[in-house]
Amino acid sequence: MEQTKVRIDKFLWAIRLFKTRSLACDACESGKVKYEGQSVKPARTVHIGDVYEIRTSEKKWLIRVKSLLLNRVAYAIAIQHYEDITPPEELDRIKFEAAVFHTGKRLSKQGRPTKKNKRDLDDFMG
């Protein structure tokens, strides 16, 4: 659905960079969304061709608006409305951090620890 005027917080939510519109609004208010180096307010109108720098918890995005989108749609449709122009160095940094900084938490979908895992943990803890 195309519109002539779309707020930046609504656009970021619609293209699925943020899970909720309020998270997108909070990101704008806390200076994590920038246009030409300046923080933007959540009510700023998005225009085709604008380039935004967005910081999420996962990565630093650099996107160019290709077309306007008002409502949240499927991912396959959403990615057609913007162009990801994030520098390759940022993508390499994300891969590096994922490989190097392991927190020690169990991976999701692993199930409960086995008896052997528990014994190993007890031996390790003393």
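For the subset of segment 89-126 comprising residues that are loosely packed, with under 10 Cβ neighbours inside 10 Å and aromatic (F, W, Y), which member is modelled with the highest pLDDT?
F124
Can we say Y52 is of a type outside the set (A, V, I, L, M, F, W, C) and over 15 Å from K10 (Cα atoms)?
Taking the combined requirement at face value, the residue does not satisfy it.
Would you say K66 is at pLDDT 90 or above, of a type in the set (K, R) and either surrounded by fewer than 15 Cβ atoms within 10 Å (Cβ to Cβ) or touching a strand residue (DSSP E or B) at 6+ places or on another chain (Cβ under 8 Å) (or both)? Can you show your working first?
Working: at pLDDT 90 or above: yes; of a type in the set (K, R): yes; either surrounded by fewer than 15 Cβ atoms within 10 Å (Cβ to Cβ) or touching a strand residue (DSSP E or B) at 6+ places or on another chain (Cβ under 8 Å) (or both): yes.
Judged against the criteria, K66 is a match.
Of all residues in segment 1-55 being assigned to a strand (DSSP E or B) and hydrophobic (A, V, I, L, M, F, W, C), which is surrounded by the fewest Cβ atoms within 10 Å (Cβ to Cβ)?
First, pick out the residues of segment 1-55 that are assigned to a strand (DSSP E or B): 7, 33-35, 38-39, 45, 51-55.
Those still in the list that are hydrophobic (A, V, I, L, M, F, W, C) too: 33, 51, 54.
Details: V33: 26, V51: 14, I54: 21.
Here the answer is V51.
Assess whether I79 counts as being modelled with pLDDT of 90 or more, assigned to a helix (DSSP H, G or I) and closer than 18 Å to F18 by Cα.
yes
With the requirement that a residue be closer than 12 Å to T56 by Cα and free of Cβ contacts under 8 Å to residues at least 12 places away in the same chain, what does segment 3-30 give you?
Correct list: K19, L23, D26, S30.
The values are calculated or read from the model by the stated rules, or taken from the named source; none is laboratory data. All figures in this text were calculated on a predicted structure; none of them were measured in a lab. Quick reminder, even Gly has a Cβ in these numbers, built from the backbone with ideal geometry, and neighbours come from all protein chains shown.
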